[in-house]
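The block underneath contains the structure these notes are about, expressed in structure tokens.
Read-outs: derived from the displayed coordinates by stated rules, not from any lab. Keep in mind that this is a model prediction, so the values were computed, not measured. So basically every Cβ, Gly included, is an ideal-geometry build from the backbone, and we count neighbours across all protein chains shown.
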There are 2 protein chains.
Amino acid sequence: MASENAIRIAASAETGPKRQAILEAALLQMVERGFHGTTMPDVARAAGVGIGTIYRYFADKEALGNALFRHCKGALGDALWGGFPALPDVKARFDEAWRRMTVFAAAQPLMLGFCELHHHASYLDAESLAIEQRIVGPAIELLSDGQRQGVLRPLDPEIMAAMVWAMMVAVCVEAPRPFDSDLIAAAGDCAWAAIAMPSRT
Amino acid sequence: MASENAIRIAASAETGPKRQAILEAALLQMVERGFHGTTMPDVARAAGVGIGTIYRYFADKEALGNALFRHCKGALGDALWGGFPALPDVKARFDEAWRRMTVFAAAQPLMLGFCELHHHASYLDAESLAIEQRIVGPAIELLSDGQRQGVLRPLDPEIMAAMVWAMMVAVCVEAPRPFDSDLIAAAGDCAWAAIAMPSRT
DNA sequence: CTATACGGAATGAAAATTCATTCCGTCAAA
DNA sequence: TTTGACGGAATGAATTTTCATTCCGTATAG
């Protein structure tokens, strides 16, 4: 039960090198083997801490999973929309979003993998799921703007967002490392072509 | 150890109502909770068989996972490329492939989910992984043809295939049920636009 | 000296796997 | 047609193994 060590945990800071090490180790393990396939002893060993130490920072395995989820989604949200320029042109905004997504994918492949793998995981609590909206919301807005201006296809924006995201992930997973920026840009063109209003031939 | 009951298992037919029930139950459970999150007792209960019965058909949990993977990938391969018409036009072939993919997604959402979720799962053996090629191969061929004819963008076909597949999955996961065929077709247009050589404006 | 962080063996619960037993259909003998 | 021996499919309690969590001794900072 988590309630017992709530006080102990509150005493520890939200940051701290051990906490960070545990999160990083858990990220690696859970991307490779999934939540249920990851054991606490494994995480402890990979993090270079004792098993008991994990429980000083996280109430239980589920709390660790949720903390990691928020960590990753938060980083993604920041990278994608943090200080996003208020460009007037929808195409320019799309390009910037695409660029930021791929920069994140290159810098944090494990986080990207975790976000993908644990999209709808059963161990996530309500707060974790709510974070999703902070990422999807601005995307919907961008796409809706484009539709209003008549430059984007009149598809459900949620579906368009899902398609673009899926394309980005597909490219970043398949593309050889390190990323060839031409390839990434070309893929961005593909994604734009997918959602843009088709030009009359 | 698996070798011990190899003979017993070989004695059982590759098909059979119980084996089928076990596979179906495992499919449902593993799509919902993942491989490691699924327990043998759960599978047995859902399949309406005794726990021991599972081990008459599958050497161990890993073998069950691999059998299920092959089952799903095989069904996907058949649905996608089985008796595929030798159309001359690349666009026509693409449309047919898109149609078949979405028909499969509609008919077997769990299998689609399983294929997606367990793409690169760690418990898969070499043979299971090799099956992937039976699905990707023809797709690469189709895309390469299109490039030779100059109707498709000169991107790495593997990456294009991954993008198209990702778009299809995204649409089929997000789209409300039952599928609106107009929406599916519109999404197919998006996918084609993504890979087609852009027309000069 | 006290308090807090840490580590890792110990614990108990839950899971995978085994296996002795039951159950059922087949078939040859009477 | 009945009977009973036989083979193997099915079962689930028992066993083994794994794993999350706890507990307590040690180390360290204040």
- Query: Which one is nearest to the chain's Cα centre (by Cα), of the residues in region B:30-44 that are part of a helix (DSSP H, G or I) and within 11 Å of DNA strand C (Cβ to nearest atom)?
  - Reply: B:M30
- Kindly provide the set of residues from region A:176-187 that are in contact (Cβ under 8 Å) with a residue 12 or more places away in the chain and within 10 Å of chain B (Cβ to nearest Cβ), ordered by number. A:L183, A:A187
- Item | Sole residue being in contact (Cβ under 8 Å) with a residue 12 or more places away in the chain, more than 9 Å from chain A (Cβ to nearest Cβ), assigned to a loop (DSSP other than H, G, I, E, B) and in contact with a helix residue (DSSP H, G or I) (Cβ under 7 Å, 6 or more places away or on another chain), chosen from B:L124, B:L155, B:L143 | B:L124
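So, in region B:188-201, of the ones that are at the interface with chain A (Cβ under 7 Å from one of its Cβ atoms) and part of a helix (DSSP H, G or I), which residue ends up farthest from B:D145 (Cα to Cα)?
B:C190
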- Task: For residues that are farther than 16 Å from A:G34 by Cβ and surrounded by 19 or more Cβ atoms within 10 Å (Cβ to Cβ), tally how many sit in region B:95-114.
- Result: 8
- Here are some residues: A:E24, A:E62. Which one is within 14 Å of another protein chain (Cβ to nearest Cβ), surrounded by fewer than 18 Cβ atoms within 10 Å (Cβ to Cβ) and more than 9 Å from DNA strand C (Cβ to nearest atom)? A:E62
- Query: Out of all the residues in region B:160-175, which are crowded, with 21+ Cβ neighbours inside 10 Å and either at the interface with chain A (Cβ under 7 Å from one of its Cβ atoms) or outside any helix (DSSP H, G or I) (or both)?
  - Reply: B:A162, B:M163, B:A166, B:M167, B:A170, B:V171
- Task: Within region B:45-60, count every residue that is in contact (Cβ under 8 Å) with a residue 24 or more places away in the chain and not in a helix (DSSP H, G or I).
- Result: 5
- Task: Please indicate, with yes or no, whether at least one residue in region B:124-139 is more than 25 Å from B:V90 (Cβ to Cβ), exposed (fewer than 15 other Cβ atoms within 10 Å of the Cβ) and among the polar types (S, T, N, Q).
- Result: no
- Message: Quick check on B:T39: is it within 12 Å of DNA strand D (Cβ to nearest atom) and within 14 Å of chain A (Cβ to nearest Cβ)?
- Response: yes
- Restricted to region A:46-59 and to residues being within 11 Å of DNA strand D (Cβ to nearest atom) and farther than 23 Å from A:S122 by Cα, the residue nearest to the other protein chains (Cβ to nearest Cβ) is A:I51
- Message: Looking at B:A63, B:A79, can you tell me which residue is in contact (Cβ under 8 Å) with a residue 60 or more places away in the chain and hydrophobic (A, V, I, L, M, F, W, C)?
- Response: B:A63
- Query: Residue check, A:C172 against (1) in contact (Cβ under 8 Å) with a residue 40 or more places away in the chain; (2) more than 15 Å from the chain's Cα centre (by Cα), all met but one. Which one?
  - Reply: (2)
- Just a yes or no: is a residue in region B:93-106 away from DNA strand D (no atom under 16 Å from the Cβ), within 18 Å of B:E127 (Cα to Cα) and away from chain A (no Cβ under 14 Å)? no
